[in-house]
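Undergrad: Here it is, the structure in full.
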Amino acid sequence: MSADATFEDGGESPLRLRALDVDDLTVISSLVQDAVFPASEMKWDRGKRRFALLINRFRWEDADKAAARNRPVERVQSVLVIEDTMKVQTQGVSRDPDTVMSLLSLSFKAGADGTGRLILTLAGDGAIAVDVEALEVVLRDVTRPYAAPSHKAPSHET
């Protein structure tokens with residue numbers, strides 16, 4: 001994992017993580033839980049073998065600090081990039097570019113030959129399957145944090 005980026009004006013450092021194994025991917029998955037994105041912000045660049053999503057995520061990494069200050073969890077726009085992409089398949093994903101989807105989790109199933117399949121599970125039984133040559137996922141904040149419009153974070157209590 002790496003966390004080496006800073007904003008140009010020296011402000012609070014944006015999050016930048018890189019997952020090369022399943023343990024690192026678990027960390028990224030927890031941070032993108034409940035992120036939302038319109039279908040139009042899903043891009044597969046076949047030439048560069050890269051699949052990317054521009055997501056609007058809760059800053060779960062600061063949830064305890066926000067609760068201690070009696071403030072809601074903030075949101076931030078981030079880019080989620082999957083490198084070495086060979087194939088992308090969707091199931092239950094709208095083709096309407098204005099449809100907003102909610103990302104629930106990321107998981108990885110390794111293949112016998114060193115390749116694997118990264119599964120992005122979406123709310124409403126949707127999924128994006130990304131076949132990769134090797135696991136490499138980057139999560140990088142691209143905006144400053146801001147208050148969630150609803151001033152509420154989803155509850156994950158059972």
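The values are calculated or read from the model by the stated rules, or taken from the named source; none is laboratory data. From a predicted model like this one, the values you see are computed outputs, not experimental measurements. Here the Cβ is made from the backbone with ideal geometry for all residues, glycine too, and neighbour counts use every protein chain on show. The protein model used for the area step is the full one, side chains on, heavy atoms only, and it has no ligands, DNA or RNA in it. Shrake-Rupley method; radii C 1.70, N 1.55, O 1.52, S 1.80 Å.
Undergrad: Is there a residue in the stretch 73-86 that is charged (D, E, K, R), at pLDDT 95 or above and surrounded by 12 or more Cβ atoms within 10 Å (Cβ to Cβ)?
TA: yes
Undergrad: Which pairs have Cβ atoms under 6 Å, sit 6 or more apart or on different chains, and link a residue in the stretch 125-146 that is touching a residue at least 40 places away in the same chain (Cβ under 8 Å) to one that is surrounded by 21 or more Cβ atoms within 10 Å (Cβ to Cβ) and of a type in the set (S, T, N, Q)?
TA: That search, which allows pairs on different chains as well, returns VAL130/THR85; VAL132/THR85; LEU139/SER78; ASP141/SER78.
Undergrad: Quick one: is LYS43 in contact with a Leu (Cβ under 9 Å, 6 or more places away or on another chain), modelled with pLDDT of 95 or more and more than 17 Å from PRO145 (Cα to Cα)?
TA: In short, yes.
Undergrad: Further question on the same structure: From the set of residues in the stretch 92-135 that are out of contact with any Leu (no Cβ under 9 Å at 6 or more places or on another chain) and closer than 19 Å to ARG18 by Cα, which is surrounded by the most Cβ atoms within 10 Å (Cβ to Cβ)?
TA: In this case the residue turns out to be ARG117.
Undergrad: A further question follows. Please return the ranges of strands (runs of 3 or more DSSP E) entirely within the stretch 16-62 where 1 or more residues are open to solvent by 60 Å² or more (accessible area, probe 1.4 Å) and in contact (Cβ under 8 Å) with a residue 60 or more places away in the chain.
TA: Of the strands (runs of 3 or more DSSP E) lying wholly inside the stretch 16-62, those with at least 1 residues that are open to solvent by 60 Å² or more (accessible area, probe 1.4 Å) and in contact (Cβ under 8 Å) with a residue 60 or more places away in the chain span 16-19.
Undergrad: Can we say GLN89 is closer than 26 Å to ARG16 by Cβ and either of a type in the set (Asp, Glu) or part of a strand (DSSP E or B) (or both)?
TA: No: the conditions fail for GLN89.
Undergrad: Given the criterion in contact with a Lys or Arg (Cβ under 9 Å, 6 or more places away or on another chain) and assigned to a loop (DSSP other than H, G, I, E, B), identify the matching residue among ARG95, ARG71.
TA: Just one listed residue meets the conditions, ARG71.
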